[in-house]
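J.: Can you read through this structure? Questions will come right after.
The values are calculated or read from the model by the stated rules, or taken from the named source; none is laboratory data. These figures come from a predicted structure and were not determined experimentally. All Cβ positions, even for glycine, are placed from backbone atoms using ideal geometry, and neighbour counts span all protein chains on display. Heads up: the accessible areas ignore ligands, DNA and RNA and are worked out on the full protein's heavy atoms, side chains in. Shrake-Rupley method; radii C 1.70, N 1.55, O 1.52, S 1.80 Å.
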Amino acid sequence: MRVLVIGSGGREHALCRSLSLDPQVSELHCAPGNAGIADVATLHPVDPTDPAAVAALSERLGADLVVVGPEAPLVAGVADAVRAAGIACFGPSRDAAMIEGSKAFAKEVMTAAGVPTADSRVCTTAAEAAQALDAFGPPYVVKDDGLAAGKGVVVTDDREAALEHARVCGRVVIEEYLDGPEVSLFALCDGGTAVPLQPAQDFKRAYDGDRGPNTGGMGAYTPLPWLPEGLTEQVMREVVRPTMDELAGRGLPYQGVLYVGLAITAKGPKVIEFNARFGDPETQVVLDRLETPLGGLLHACATGTLADAPTFRDGCAVTVVIAAENYPGDPVKGDVITGLEPTESAYVIHAGTKRDNSDIVANGGRVLSVVGTGPDQETARRNAYDLVSRISLRGSHYRTDIAR
């Protein structure tokens, strides 16, 4: 297969790394890519949110499969344009991708499908927001209705901060706070069939001890030894398949990955959010443990031929995100990065990087994901942080308590 991956972040580097290890993949391309992806794929300049440009590139390369990584291209309709060109595409249609593109739409689908989730209200005015905040009480959960690169959610005990976030966003979903540990589950979907990947947990807050603002994710690990037995099957039965059936009933068959963000509450698992793409940085650890070749799995989703559930290797993976100075605010770009060479049990996934002559420099907020592996969680964790300690990026920061 000739495979083209769309995107430029850590998720796309993790996807490209796994695809490069699949013997079925004869050519690997990425657009626009980053400095790390360039080591395993041929890069091409393209606006990833321009459906016509992506479709034209796919045709020019003779791609057998296009894998759309980020959410913005999906919501822009890139998958529709690629399919219209007669090329298999991993990623939902524009209308199905609104499961992430609009929190209000996702809630409507969940309610119709009987999916367990938090009670919520859609608010468009300050008065509606104030009313909803008082109805649910603290901690206040306010979500930007549209795409916000993983940073559109505020969870706070400060009512004024919650109101301000609602004012800035305009249209928001305000909901009850779900207490309990969070779990990320990816389900691969081919429009009719869905199979789960291995659950993972990510760490959203910027600083140790779950302090600071929400980010796109500062680290993750898998497997989760504390997970209740049978939880994956329960989520597939109560969440994923009813959601797929509801979307199909609306004429929106779902092909791609459905990311289910869960809170394991005292009353069982409840959905915090859906995403229409692989989560970052959970993808880095989940794909590291994946034993089934990735290219064949994604092609089966794109062509409606998904069958058996994938298998996973024994052992653990932990990833630690190294973020640029000022992230998640306005990150500092352009600083040189050194110490990127892998060790025996850890390696680097590039996210916000680019090449500047012979140097690799920071070019985003979350700059790198360092993946450590081992037979158990503590060993994998130690291996990840050993490599983190070797990397130098002026002003950067990372959490020291991932998978602790």
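J.: If a paramagnetic tag sat 7 Å from the Cα of residue 312 along the Cα-Cβ line, which residues of segment 211-255 would have the backbone N under 20 Å from that point?
T.: 217-241
J.: OK, next. Provide, in order from the shortest bin, the percent of all Cα-Cα pairs of segment 290-404 in each 10 Å bin, continuing until the bin that contains the maximum pair distance.
T.: Answer for segment 290-404: a P(r) of 14, 35, 27, 20, 4 percent.
J.: Which residue fluctuates most in the GNM of the chain (Cα springs below 10 Å): 312, 90, 274?
T.: With Cα springs under 10 Å in the chain, the top fluctuation among 312, 90, 274 is at 312.
J.: Relative contact order of the chain: what whole-number percent is it, with Cα pairs under 8 angstrom and at least 6 residues apart? Could you put the intermediate results ahead of the total?
T.: Working: 1026 pairs, mean separation 67.2, N = 404.
Taking the mean separation of contacting Cα pairs over the length of the chain, I get 17 percent.
J.: What accessible area, in Å² to the nearest ten, does a 1.4 Å probe give for residue 44?
T.: Ignoring ligands and nucleic acids, residue 44 comes out at about 20 Å².
J.: Can you work out the PRE-style zone for residue 227? Point 7 Å along Cα to Cβ, and I want the residues of segment 284-308 with backbone N under 20 Å.
T.: In segment 284-308, the label zone of residue 227 (backbone N under 20 Å from the point 7 Å along Cα→Cβ) covers 284-294, 297-298, 307-308.
J.: Can you tell me which of 93-100, 303-310 comes out highest on packing, and rank the rest after it, using the mean Cβ neighbours within 10 Å?
T.: Values: 93-100: 23.4, 303-310: 14.0.
So the peptides 93-100, 303-310, ranked by packing, come out 93-100, 303-310.
J.: What net charge is computed for the residues neighbouring residue 289, neighbours being all others with C-beta under 9 Å from the C-beta of residue 289, Lys and Arg scored +1, Asp and Glu -1?
T.: On the way: positive: 313; negative: 288, 291, 314.
Combined, the nearby Lys, Arg, Asp and Glu give -2.
J.: Something else about it: What's the local net charge at residue 5, with K and R +1, D and E -1, over the other residues with C-beta under 10 Å away?
T.: Details: positive: 11; negative: 12.
Net charge in that neighbourhood comes out at 0.
J.: At 7 Å along the Cα-to-beta-carbon direction for both residue 207 and residue 245, put a label point, then send me their distance in nm to one decimal.
T.: Inter-label distance under the simple model: 4.7 nm.
J.: Roughly how far apart, in whole Å, are the Cα centres of segment 359-390 and segment 33-81?
T.: With segment 359-390 and segment 33-81 each reduced to a Cα centre, they are spaced 27 Å.
J.: Right, something else. Using a simple spin-label model with points 7 Å from Cα along the Cα→Cβ vector, what separation in nm is obtained for residue 356 and residue 392?
T.: Output for this residue pair reads 1.6 nm.
J.: Positive end of the dipole of segment 32-116, charges at C-beta (+1 Lys, Arg; -1 Asp, Glu), about the Cα centre: which of 55, 105, 90 has its Cα farthest in that direction?
T.: Going by the charge dipole, the pick is 105.
J.: How about segment 284-354: which GluC sites (Glu not before Pro) there are in a DSSP loop, with at most 10 other Cβ atoms within 10 Å of their Cβ? Provide the component values of the computation, followed by the final result.
T.: Working: sites: 291, 325, 344; in loops: 291, 325, 344.
Of the GluC sites (Glu not before Pro), the ones in loops of segment 284-354 whose Cβ has at most 10 other Cβ atoms within 10 Å are 291, 344.
J.: Can you tell me the equivalent ellipsoid semi-axes for the chain? Use √(5λ) from the Cα gyration tensor, largest first, whole Å. Show your work: numbers first, answer last.
T.: Numbers: eigenvalues 175, 136, 92 Å².
They are 30, 26, 21 Å, listed largest first.
J.: Expressed as cubic angstrom per residue, what is the convex hull volume of the alpha carbon set of segment 160-250?
T.: Details: hull volume 14.2 nm³, N = 91.
Convex hull of Cα atoms, per residue: 156 Å³.
J.: Between residue 266 and residue 20, how many nm apart are label points set 7 Å from Cα along the C-beta direction?
T.: For the pair residue 266/residue 20, the computed spacing is 4.9 nm.
J.: Count the lysine pairs in the chain whose Cα atoms lie under 20 Å apart, taking only pairs 8 or more positions apart in sequence or on different chains.
T.: Total qualifying Lys-Lys pairs in the chain comes to 15.
J.: Something else about it: Quick one: of the DSSP bridges fully inside the chain, what percent are antiparallel, nearest 5?
T.: Values: 64 of 80 bridges.
Around 80 percent antiparallel, to the nearest 5.
J.: Dividing the alpha-carbon radius of gyration of segment 13-68 by 2.2 N^0.38 Å (N being the number of residues), what value is obtained? Before the final figure, lay out each step's value.
T.: Numbers: Rg = 10.9 Å, N = 56, 2.2 N^0.38 = 10.2 Å.
Rg over 2.2 N^0.38 Å, computed on Cα atoms: 1.08.
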